[in-house]
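One structure is given here, and the rest of the page talks about it.
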Amino acid sequence: MIFSPFSDSLLDSMEQPSVTMIIAVAIYFDSGTTRVHSGTGVLSIDGQTFVGVGNLGDVGGVTEENTTSASTMSLTLSGLDMTLVGQTLNENCVGRDVKCYIATMDERGQVTNANVLFEGFISDTAMQAGTTNAITYTVSNIFEKWSSGIPDRYTDESQQRLHPGDRFFRYVAQMAERSIYWGSKKDAPGFSYE
């Protein structure tokens, strides 16, 4: 989800005569958090250390919409060693949280201000092997989850999986086949709860 508007301090930093803009990304994998930025060297943002990937990293465009439709951005890292590619392929990436920052640096290379630009989760991964050895993550905002179906149903089996021993839905299958007369003097077939 895109965060806007930016803070006043970030906007002031952007208006300085000598300013460098960077994008920083934190990906929260099960094995640990990876923090990288679009520049070179090591930077500190909000007390966290981000390692520069320079031209090896690419961040796709981010658009802002005033709707609840899902928006995505892509993150690509190329020039990877095959052992690192193997480790990445073995990692469970889909569903991991991602936070993308936009930051300004002064002429000394120090981060002056940073704001969260996009926050979401990895919804898809792609691998390009060969001369580039690139990994691309598609990051979606929270509205992507709203469009996916819920796996639970109003059945006894689904209720047992969520709450073992709770038999609230045990007669749902029988009720689907019964005639129920609502608001009538004619009664439905005999039925008793046990």
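At a glance:
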{"read-out": "Positions within the stretch 1-56 being under 17 Å from the mean Cα position of the chain (by Cα) and acidic (Asp, Glu), in sequence order", "value": "Asp30"}
{"read-out": "Residue within the stretch 71-83 that is surrounded by 13 or more Cβ atoms within 10 Å (Cβ to Cβ) and on the phi > 0 side of the Ramachandran plot present", "value": "yes"}
{"read-out": "Test for Thr138: is it assigned to a strand (DSSP E or B) and either surrounded by 10 or more Cβ atoms within 10 Å (Cβ to Cβ) or modelled with pLDDT under 90 (or both)", "value": "yes"}
{"read-out": "Residues (within 27 Å of Ser148 (Cα to Cα) and touching an Asp or Glu at 6+ places or on another chain (Cβ under 6 Å)) located in the stretch 93-122", "value": "Lys99, Phe121"}
{"read-out": "Any hit, the stretch 28-37, residues being assigned by TED's automatic domain parsing to the domain that holds Thr104, over 23 Å from Gln110 (Cα atoms), among the hydrophobic types (A, V, I, L, M, F, W, C) and out of contact with any strand residue (DSSP E or B) (no Cβ under 6 Å at 6 or more places or on another chain)", "value": "yes"}
{"read-out": "The stretch 141-163, residues that are exposed (fewer than 15 other Cβ atoms within 10 Å of the Cβ) and in contact (Cβ under 8 Å) with a residue 40 or more places away in the chain", "value": "Ile142, Trp146, Ser147"}
{"read-out": "Pairs with Cβ under 8 Å, 6+ apart, first in the stretch 119-139 and farther than 16 Å from Tyr28 by Cα and among the hydroxyl-bearing types (Ser, Thr, Tyr), second at pLDDT below 90 and surrounded by fewer than 16 Cβ atoms within 10 Å (Cβ to Cβ)", "value": "Thr132/Gly79"}
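The values are calculated or read from the model by the stated rules, or taken from the named source; none is laboratory data. This is a predicted model, so every value here is computed, not measured. Every residue, glycine among them, receives a Cβ derived from its backbone with ideal geometry; neighbour counts consider all protein chains shown.
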